[in-house]
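Have a look at the structure below, then the notes.
Please treat every number below as a calculation from the coordinates, not as lab data. Remember, it's a predicted structure, so these values are computed and weren't measured experimentally. Virtual Cβ from ideal backbone geometry, glycine too; neighbours counted across all protein chains shown.
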Amino acid sequence: MNFPNLINSKLPNVGTTIFTVMSKLATENNAINLSQGFPDFKCDAALVELVNKYMKAGNNQYAPMPGLIQLREALAKKTKSLYGADYSPESEITITAGATQAIYTAITAIVREGDEVIVFEPAYDCYQPAIELNGGKTIYLQLKAPTYTIDWEEVKKMINHRTKMIIINTPHNPTGSIMNVADMTMLQKLTKDTGIVIISDEVYEHIIFDGEAHQSVARFPHLAERSFIISSFGKTYHTTGWKIGYCVAPQNLMAEFRKVHQFLVFSTNTPIQLALAEFLEEQNHYLDLGNFYQKKRDYFISLVKNSRFTFTSAQGTYFQLLNYKNISTEKDTDYAVRLTKEFQLASIPVSVFYHEGVDNKVLRFCFAKKEETLASAAAIINKI
């Protein structure tokens with residue numbers, strides 16, 4: 001049927017995400033899927049039992065809009081223990097339908113027509129569309145490869161009276177780099193006495209390696225006072241499909257956040273919130289996560305270290321970048337497709353995380369997988 005064109009797209013340049021594309025391609029080619037960031041192993045059986053327990057007990061109706069108080073209290077306790085920051089569970093913590101929803105909500109609550117938002121590339125793909133949908137303008141600054149660090153002099157030059165927000169992500173997806181104390185100190189200095197709001201995407205806060213400490217903005221009072229901190233239970237407890245996250249922010253920011261949140265999703269899964277509140281009582285579930293994933297990182301890179309790919313070990317997250325410049329001059333998007341079709345190994349080309357498709361001949365591989373999966377993937381890498 002022919003229908004009149006009634007729509008002038010608000011996102012004319014946005015198509016299907018690369019994660020969907022590559023996962024579909026992996027399925028079609030029976031490839032090992034190290035593209036999309038999710039584990040191929042089960043979550044803790046005790047957590048599943050807790051969800052089942054609360055479902056059977058009849059906890060299957062709406063939770064309060066900000067989230068169940070039990071879970072917010074547990075998160076306040078955790079944030080105080082880890083970062084020394086006091087947040088009110090009543091007015092400064094909100095449970096969300098995943099971290100992406102929290103990021104969208106924070107941007108929508110703050111960004112107005114004409115506001116500028118500084119985003120560091122390569123950047124996770126949900127930031128820019130949310131900024132654009134709210135009438136804002138994305139100001140892109142590139143992290144400095146191959147270490148993917150921030151040039152704070154460049155940041156200083158880009159800040160002006162239109163700068164409303166800066167979005168940071170540490171540990172960083174897709175590069176696996178982390179921000180240190182010096183980075184946070186510079187961010188604090190540059191935003192002092194301004195109206196700039198920070199979104200700190202910290203979904204990989206517990207996946208950090210080599211004895212480093214996660215530098216949450218919560219550790220820095222003058223940053224915390226202007227920041228939305230976003231995190232994710234899915235990354236921490238190997239339950240990405242449950243889509244439960246949370247936002248922590250000072251009361252004045254959280255009040256605006258909740259105005260949007262209540263009309264976006266209102267509330268999130270009740271029995272899972274109850275289960276997570278109880279599961280958080282055992283701190284080792286998240287305190288041991290860095291060691292758990294460091295073993296997987298070390299195992300993966302030990303297997304591919306003699307391949308033709310080059311790399312710098314990830315400092316955090318469960319992603320490892322591999323550079324193929326010694327192998328091919330193909331565009332990374334083309335090379336990723338060819339790897340999937342010809343070698344049955346799916347990855348993510350890093351150029352898709354840049355608005356202008358910067359191609360450094362780098363692919364992102366997810367190592368949140370069983371050892372046998374990583375061994376099979378490494379065997380393919382070593383044959384190339």
Quick one: net charge around residue 342, please, counting Lys, Arg +1 and Asp, Glu -1 for every other residue with C-beta under 15 Å from its C-beta.
-> 0
Enter the Cα centre distance for the pair the range 159-181 and the range 207-230, rounded to the nearest angstrom.
-> 11 Å
Ordered by number, the trypsin sites (Lys or Arg not before Pro) in the range 134-180 that occupy a DSSP loop and have at most 16 other Cβ atoms within 10 Å are 162
Within the range 226-306: Cβ-based charge dipole about Cα centre, in debye rounded to nearest 20 (Lys, Arg +1; Asp, Glu -1) = 420 debye
Using only the Cα atoms of the range 192-326, what do you get for the radius of gyration and for Dmax, in Å?
-> 18.2, 53
For Rg/Rh (Cα atoms, Kirkwood Rh), the choices are (i) 0.92; (ii) 1.10; (iii) 0.96; which was calculated from the structure?
-> (iii)
Length added when fully stretched, residue 73-residue 283, from 0.36 nm per residue minus Cα-Cα | 74.2 nm
Based on the Cβ-Cβ distance from residue 312 to residue 162, what FRET efficiency comes out when R0 is 51 Å, to the nearest 0.05?
-> 0.90
If you take the beta carbon distance between residue 28 and residue 7 as r and set R0 to 41 Å, what does 1/(1 + (r/R0)^6) give as a FRET efficiency, to the nearest 0.05?
-> 0.85
Remind me, relative contact order of the range 308-384 in percent, using alpha carbon pairs under 8 angstrom and six or more residues apart?
-> 33 percent
Roughly how many debye, to the nearest 20, is the charge dipole of the range 172-319 about its Cα centre, given +1 on each Lys and Arg Cβ, -1 on each Asp and Glu Cβ, and no other charges?
-> 440 debye
For the range 224-290, rounded, prolate or oblate, judged on the Cα gyration tensor with a ≥ b ≥ c (square roots of eigenvalues), a/c < 1.5 rounded, else prolate if a/b > b/c?
-> oblate
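Test of understanding: ordering 242, 152 by Cβ neighbours within 10 Å, fewest first, what list do you get?
Listed from fewest to most nearby Cβ atoms, that is 152, 242.
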Are there trypsin sites (Lys or Arg not before Pro) in the range 320-384 that DSSP puts in a loop and that have at most 13 other Cβ atoms within 10 Å, and which ones?
-> 325, 370
Only helices counted: for the chain, with every DSSP H run of 4 or more residues adding -39500 (n - 2.57) and the sum spread over all residues, [θ] at 222 nm is -12000 deg cm²/dmol
Most mobile of 205, 28, 90 in a GNM of the chain (Cα contacts under 10 Å) = 28
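How would you classify the range 15-135 from its alpha-carbon gyration tensor, with a ≥ b ≥ c the square roots of the eigenvalues: rounded for a/c under 1.5, else prolate if a/b is greater than b/c, otherwise oblate?
Cα axes put the range 15-135 in the oblate bin.
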Where a ≥ b ≥ c are the square roots of the eigenvalues of the C-alpha gyration tensor, would you call the range 84-203 rounded, which needs a/c under 1.5, or, failing that, prolate if a/b is larger than b/c, or oblate?
-> rounded
